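Data first, discussion second: the structure below is written as structure tokens.
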Amino acid sequence: MTANRRDFIKFVVAGSVAAGCPIDLSLLAAETPAVPTVEGEDNRICHQVRDGKIFTRPPVSARHDVVIVGGGVSGMTAAYLLRGRDFLLLEKEPHWGGNAYLMEYRGNAYATGSAFLEKSEDAYSFAKEIGLEPLPVNDRDSTIINGEWIANTWADGLDKLPYSASIREGFKKFKKDMLAIDLKKRGNELYSVPFSDFMKGYPAEVKQWWDNYGPSNWGAATEDTAAALGIDEIQLIGGDTVPDFYTWPGGLGAITKKLGEILQPKFADHMQAGATTVAVVPGDNEVQVTYMQGAELKTVGAKAVIMATPKFITRRIVQGLPQKQDDAMHQMRYIPYAVVNLIFDKPVFNKSYDTWCPGSTFTDFIVADWTIRNQPGYQQKYNILSCYTPMSEEDRGYLLTEPGTRKKAVSVLNDFQKLFPGSNVDPIEVHIYRRGHPLYMSTPALYTKVQPLVRAPMDRVFFANTDSEGAESTTSKAIVAARRAVKEAESRMAGKPMPKETAG
């Protein structure tokens, strides 16, 4: 794509990179750039506080039963479950949803993060509980290799891979060997070793495929992936039946949008967006939570606090964490992530729901309206393709500025336009949603040794968020974590003893 052609495409950059960093009121008077480098926040101030700046907490101005810190799907689920309580929900961003956030282009929804769920997951039944009917995907993952689209890649697609016969046989042998592993018997063992250990003896192209797949789903290539997670995934997508995947236009952001529609009419005064929590201080009889709303610092008291925030944020703002718990939170690693939505005013690709693209800037792309494309009377006005673009930890800085983010989006577009015959089409707009630390890496031993420590209750402070619960970051585990944390908080407020298993 030439520079002249690109000049006619509108690039829209949104999302935050330094999400969750505390802000110090005393720093607001400091000289800062007139235009922040990230929409809605000033990262320079945010990062100064991250690096050890100190602030003074004002006295308590209000009291609540429960304060929930974090307005992603876990925090919003906790608020939904606490409708009978006096809760206060605090969210740093100007909107709700976290990683499950839906956006629209002229009435057409598209995802900026979490994409789909399985029927067996808690998110499926929870969606039905709140009045959302999950829509079936009815499709297997496909792959584009050397310009060729391979449908049902890990099923009958293995016979059609554009490789030599020996490499195709290597793919088939890998699948057969992985399907033969009994995860129920070997689960604990396999959560402690890297998936790359199981790539030995197979063609390099097998590892390349999974090194592309892993970062999109669980934040890590095979060397940093718990083997049990990778093996479980191949058993799912390579099984005899089409996986029971469900979603909506806009992905799982439909769930947080629906939660907002349920909660805000009645509880708007209990939901504060644009509120950055800077300190959570447990005391004998209550927990004090200090947060920034606009240019004002406020402190509230609560009988219990639910931290529905990533652990790299949690450990910075919760005071008095037991050392083992703090160390466990510190072990968790997070990758930066951009989702680049290419918006076309003509059909460009509608062959499959999720298509993998090894060797590209992005890992895979999803057709935004896939689940409604065949509904009676529906006509696709815009073909929106959501390109998932996980990045390495050391490349986080590229997302800090709009020029750096735009450069990444241009790379995605360039690679897409070389992907297959007919893909060299200019979109009318490119929407980039960036997040600095959204996806935790599912590293060996994380699930079995680290997460049990990070989620341990701390008297009146309880820990939700998907990184508390699941081997893989999913919306379903965020909901499970919220249910557990609410149950723990209710038990504590009822005067029952804290569970025996604690980080202390």
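A few comments on the model shown:
- Averaging the Cα positions of each part gives two centres, and for region 405-444 and region 314-372 these lie 11 Å apart.
- Computed Kirkwood radius, in angstrom, where 1/r is averaged over Cα pairs of region 133-256: 15.6
- Formal net charge of residues neighbouring LYS128 (Cβ-Cβ distance under 13 Å; K, R +1; D, E -1): -2
- Accessible carbon and sulfur surface of the chain relative to its total accessible area, %, 1.4 Å: 49
- Solvent-accessible area of ARG492 with every protein chain in place, 1.4 Å probe, in Å² to the nearest 10: 50
- Residue-normalised convex hull volume from the C-alpha trace of the chain: 150 Å³ per residue.
- With every protein chain in place and a 1.4 angstrom probe, the accessible-area ranking of ASP86, ASP327, largest first, reads ASP327, ASP86.
- Near TYR213, once Lys and Arg are set to +1 and Asp and Glu to -1 for all other residues with Cβ below 11 Å from its Cβ, the sum equals -4.
- Cα gyration tensor category, rounded, prolate or oblate, for region 66-145 with a/c compared to 1.5: prolate
- Across region 165-182, coupling constants 3J(HN,Hα) worked out from phi with the 6.51/-1.76/1.60 Karplus curve, θ = phi - 60°, read 4, 5, 5, 4, 5, x, 4, 5, 5, 4, 4, 4, 5, 5, 5, 7, 7, 8 Hz, and Gly and Pro carry x.
- Solvent exposure of the chain as accessible area per residue, Å², 1.4 Å probe: 41
- In the chain, the DSSP beta bridges split such that about 65 percent are antiparallel, to the nearest 5.
- Region 104-125 versus region 228-290: alpha-carbon centroid distance in Å: 11
- Among the GluC sites (Glu not before Pro) in region 427-504, those placed in a DSSP loop whose Cβ has at most 11 other Cβ atoms within 10 Å are GLU501.
- Its residue count N sets the reference 2.2 N^0.38 Å, and the alpha-carbon radius of gyration of region 239-285 equals 1.94 times that reference.
- Pairs from LYS257/LYS381; LYS257/LYS477; LYS185/LYS477; LYS128/LYS487; LYS175/LYS324 whose Cα-Cα separation, in the structure shown, is over 28 Å: LYS175/LYS324
The values are calculated or read from the model by the stated rules, or taken from the named source; none is laboratory data. Keep in mind that what you see is a predicted model, and the values were worked out from it rather than measured. All Cβ positions, glycine included, derive from the backbone under ideal geometry; neighbour counts span all protein chains shown. Accessible surface is based on the protein model in full, side chains and every heavy atom, while ligands, DNA and RNA are left aside. Shrake-Rupley method; radii C 1.70, N 1.55, O 1.52, S 1.80 Å.
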